[in-house]
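Peer 1: Just passing along the structure, written as structure tokens.
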Amino acid sequence: KAKAIAEEKILDYLVPKKSRRYGTLIEEEEESPAREKFREMLKNGQLDDKVVEIDVEEKVSAVVGGVVVPGLEDIESQLKELFSNLGPSKRKKRRLTVKEALKIIENEEAEKLIDMDEVQTLAVKRAENLGIVFIDEIDKVATRGSSRSGPDVSREGVQRDLLPIVEGTVVSTKYGPVKTDHILFIAAGAFHLAKPSDLIPELQGRFPIRVELKALTKDDFVKILTEPKNALIKQYKALMSTEGVELEFTEDAIQEIAQIAEEVNERTENIGARRLHTILEKIMEDFSFNAPDLKGQKIVIDSKLVREKLGNVITNEDLTRYIL
């Protein structure tokens, strides 16, 4: 519906209607053939590059002096709602292509058609009944062992603040009160230094189902390096290609990288697939730095090169911990 209204407004700019004929209003069915022809051209995209001057609503920017002010977006929306009731919104003329103008007008018309009160009511209702809250790094607020002093006191305080929300309470939001009784809460953590039992008993009881995930294996790392659309190896290839350098990873190099990632995760802190970032960065740091001088060349990364780049780091426990 908004699109249809936007098309009519664009046609008004391109082919203005004659308001009167012999002192009477023109009937809708008396629409000129030219307007009908322009409508067909508009739908076919033949007018997309044509420039028109339209009136658009002037919006207040949340950027002050080139800096985004946190929270200003909320104030902006509240002020916009307040002043919209006091009078017509300020508008300004802009020269745009038909394609751009159509999008802007369509968005403006869509906003007019949406009942925001109904949207907010529906959003709160869905959040209360279908909402899922994921709490990551929950192990960072666990008190280690029997210690209840120093930073562990504040960690326990955070847990006690989370407790009523997980149990079920009413949380005040700018869209109104939200009941958390039927919201699904999922918590996750690595628990390297702490254990799930280090959480306060009340909070443990609110997460009755416990699942332990297996550590990533060599085969998993190989898949992560090669299969995703934005896999790390593909990213490095694209990055080097911007400097005119062709980069190739052999199959044995990928296997070697995956093997090293698994070994380092077992010997030090297990940070999962993030280990691949540091390993590849170490392998590629010299090539990335010298990329402008390697234009037109082809670089082949094989298992031998991987061992040369990482050999000293892997054998030294301290270097492994702080570099990889």
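The values are calculated or read from the model by the stated rules, or taken from the named source; none is laboratory data. These numbers were taken from a predicted model, which means no experiment stands behind them. Using ideal geometry, Cβ is built from the backbone for each residue, glycine included, and neighbour counts are taken over all protein chains shown.
Peer 1: Would you check if Gln159 is surrounded by 11 or more Cβ atoms within 10 Å (Cβ to Cβ) and in contact with a Leu (Cβ under 7 Å, 6 or more places away or on another chain)?
Peer 2: Details: surrounded by 11 or more Cβ atoms within 10 Å (Cβ to Cβ): yes; in contact with a Leu (Cβ under 7 Å, 6 or more places away or on another chain): yes.
So Gln159 passes the test.
Peer 1: Give region 125-143 a look and list any residue that's aliphatic (A, V, I, L, M) and free of Cβ contacts under 8 Å to residues at least 60 places away in the same chain, or say none. Don't jump to the end; show me each part of the working.
Peer 2: Of region 125-143, the ones aliphatic (A, V, I, L, M) are 127, 130, 132-133, 135, 138, 141-142.
Within region 125-143, Ala127, Leu130, Ile132, Val133, Ile135, Val141, Ala142 meet the criteria.
Peer 1: Which fully enclosed helices (runs of 4 or more DSSP H) of region 270-324 have 2 or more residues being modelled with pLDDT of 90 or more and within 29 Å of Lys214 (Cα to Cα)?
Peer 2: On the way: elements: 274-289, 303-315, 317-323.
Ranges flagged: 274-289, 303-315.
Peer 1: I'm checking my understanding of the structure. Among residues of region 192-219 that are free of Cβ contacts under 8 Å to residues at least 12 places away in the same chain and assigned to a loop (DSSP other than H, G, I, E, B), which one is surrounded by the most Cβ atoms within 10 Å (Cβ to Cβ)?
Peer 2: Taking region 192-219 first, the residues free of Cβ contacts under 8 Å to residues at least 12 places away in the same chain are 197, 201, 204-205, 208-209, 211-214.
From what's left, assigned to a loop (DSSP other than H, G, I, E, B): 208-209, 211-214.
Details: Pro208: 6, Ile209: 5, Val211: 6, Glu212: 6, Leu213: 8, Lys214: 6.
Of everything passing the filter in region 192-219, Leu213 is surrounded by the most Cβ atoms within 10 Å (Cβ to Cβ).
Peer 1: Let me ask something else. If Lys214 passes every condition in (1) under 25 Å from the mean Cα position of the chain (by Cα); (2) more than 30 Å from Thr169 (Cβ to Cβ) but one, which one does it miss?
Peer 2: For Lys214, the failing item is (1).
Peer 1: Checking the condition under 27 Å from the mean Cα position of the chain (by Cα), in the same structural domain as Asn270 (by TED's automatic domain parsing), not charged (D, E, K, R) and not in a loop (DSSP other than H, G, I, E, B), which residue from Ile165, Ile186, Ile224 passes?
Peer 2: Exactly one of Ile165, Ile186, Ile224 is under 27 Å from the mean Cα position of the chain (by Cα), in the same structural domain as Asn270 (by TED's automatic domain parsing), not charged (D, E, K, R) and not in a loop (DSSP other than H, G, I, E, B), namely Ile224.
Peer 1: Out of the residues in region 246-263 meeting the condition of being of a type in the set (A, V, I, L, M) and within 30 Å of the chain's Cα centre (by Cα), tell me which one is modelled with the lowest pLDDT. Before the answer, list the steps.
Peer 2: Narrowing region 246-263 to residues of a type in the set (A, V, I, L, M): 247, 253-254, 257-258, 260-261.
Narrowing further to those that are within 30 Å of the chain's Cα centre (by Cα): 247, 254, 257-258, 261.
On the way: Leu247: 95, Ile254: 96, Ile257: 95, Ala258: 95, Ala261: 92.
Looking at the filtered set, the residue picked out is Ala261.
Peer 1: In this structure, does Glu269 turn out to be in contact (Cβ under 8 Å) with a residue 40 or more places away in the chain and closer than 22 Å to Ser288 by Cα? Spell out the reasoning first.
Peer 2: Values: in contact (Cβ under 8 Å) with a residue 40 or more places away in the chain: yes; closer than 22 Å to Ser288 by Cα: no.
Against the criterion (in contact (Cβ under 8 Å) with a residue 40 or more places away in the chain and closer than 22 Å to Ser288 by Cα), Glu269 does not qualify.
Peer 1: For region 141-175, which positions are polar (S, T, N, Q), more than 17 Å from Leu203 (Cβ to Cβ) and at pLDDT 80 or above?
Peer 2: Scanning region 141-175 gives Ser172, Thr173.
Peer 1: Sort out which residues of region 221-242 are in contact (Cβ under 8 Å) with a residue 24 or more places away in the chain and surrounded by fewer than 17 Cβ atoms within 10 Å (Cβ to Cβ), and write them in order of number. It would help to see each step written out before you state the result.
Peer 2: Going residue by residue through region 221-242, those that are in contact (Cβ under 8 Å) with a residue 24 or more places away in the chain are 221-222, 224-226, 232-233, 236, 239-240.
Within region 221-242, Thr226, Leu239 qualify.
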